[in-house]
Amino acid sequence: MWLEEVERLLGARPIIRRRQEPGLKPAAVLVPLYVAAGELWVLLTRRSDSLPLHAGQVSFPGGAREEGDEDEVATALREVREELGIDPAVVMVLGQLDDVWTPSGFVVSPVVGALPHPLEIKPAGAEVEAVLRIPFSTLANPQLVEYQELPLDGELILSPVYHYHGQRVWGATARVIADLVSRISGAELEPAV
């Protein structure tokens, strides 16, 4: 079954955690996966243009850790309820991915979770402009990934950029996707030279 296989692949190599430093805020995202028509899909959101941070960007449901959140899993599950109206009880946590950090001062811990399909999603209009469903096979296709240099921690890093139906996925979200693809497919996405 796909759930056990993804869980096994995610747990096959250690997770890299970024230590908390002054000025960096802990955050978490849920990387929602589901199977439909025999294919693995990844669910993302397009953030509202009116948000003060990361407006209009494609991202995973998530946000800053709040008082009362026990850990990154609790943060991710709370956020998916707030942003997409998904009951945390239907999310099966499969594992986690490497922390990523953002120029806006967040250390993001990605939590991978399986969703049942079909599932009613009720986006929070103030936060979520659109819900995007992208086939995993599209994200895993190295021909469809471009790379750009982005400033991070005072350095330029080479970061993947994904394009899907007019949407551009870049930054921390793209780095989370690259980690997911690497762990599930076993292939490292490499920039074309």
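Of note:
- Filtered residues of the stretch 84-120 (kept if of a type outside the set (Gly, Ala, Ser) and in contact with a His (Cβ under 9 Å, 6 or more places away or on another chain)): THR102
- All of (1) buried (at least 20 other Cβ atoms within 10 Å of the Cβ); (2) over 30 Å from ARG19 (Cα atoms) hold for VAL80 with one exception: (2).
- All conditions but one from (1) surrounded by fewer than 18 Cβ atoms within 10 Å (Cβ to Cβ); (2) at pLDDT 95 or above apply to LEU30; the one that does not is (1).
- Verdict on THR173 being within 13 Å of the chain's Cα centre (by Cα) and either at pLDDT below 90 or among the polar types (S, T, N, Q) (or both): yes
- Given (1) within 28 Å of ARG8 (Cα to Cα); (2) modelled with pLDDT under 95; (3) within 15 Å of the chain's Cα centre (by Cα), number of the condition ARG47 does not satisfy: (1)
- Within the stretch 69-110, the set of residues being out of contact with any Asp or Glu (no Cβ under 8 Å at 6 or more places or on another chain), at pLDDT 95 or above and of a type in the set (Gly, Ala, Ser) comprises ALA74, ALA76, ALA89.
- Applying the criterion of at least 2 residues that are under 27 Å from GLU82 (Cβ atoms) to the strands (runs of 3 or more DSSP E) found wholly in the stretch 131-184 leaves 155-164, 167-169.
- Residue check, ARG65 crowded, with 18+ Cβ neighbours inside 10 Å and free of Cβ contacts under 8 Å to residues at least 40 places away in the same chain: no
- Filtered residues of the stretch 152-163 (kept if closer than 15 Å to LEU43 by Cα and crowded, with 17+ Cβ neighbours inside 10 Å): TYR162
- Test set (1) within 16 Å of the chain's Cα centre (by Cα); (2) within 26 Å of LEU24 (Cα to Cα) - ILE134 fails condition number: (2)
- In the stretch 4-19 there is at least one residue that is touching a helix residue (DSSP H, G or I) at 6+ places or on another chain (Cβ under 8 Å), surrounded by fewer than 12 Cβ atoms within 10 Å (Cβ to Cβ), in a loop (DSSP other than H, G, I, E, B) and in contact (Cβ under 8 Å) with a residue 60 or more places away in the chain.
- Checking every residue in the stretch 115-137 against the condition of being surrounded by fewer than 16 Cβ atoms within 10 Å (Cβ to Cβ), among the polar types (S, T, N, Q), in contact with a Leu (Cβ under 8 Å, 6 or more places away or on another chain) and closer than 19 Å to THR45 by Cα gives at least one match.
The values are calculated or read from the model by the stated rules, or taken from the named source; none is laboratory data. Owing to the predicted nature of the structure, the values given are computational and were not obtained by experimental measurement. Cβ atoms come from the backbone with ideal geometry, glycine included; neighbour counts cover every protein chain shown.
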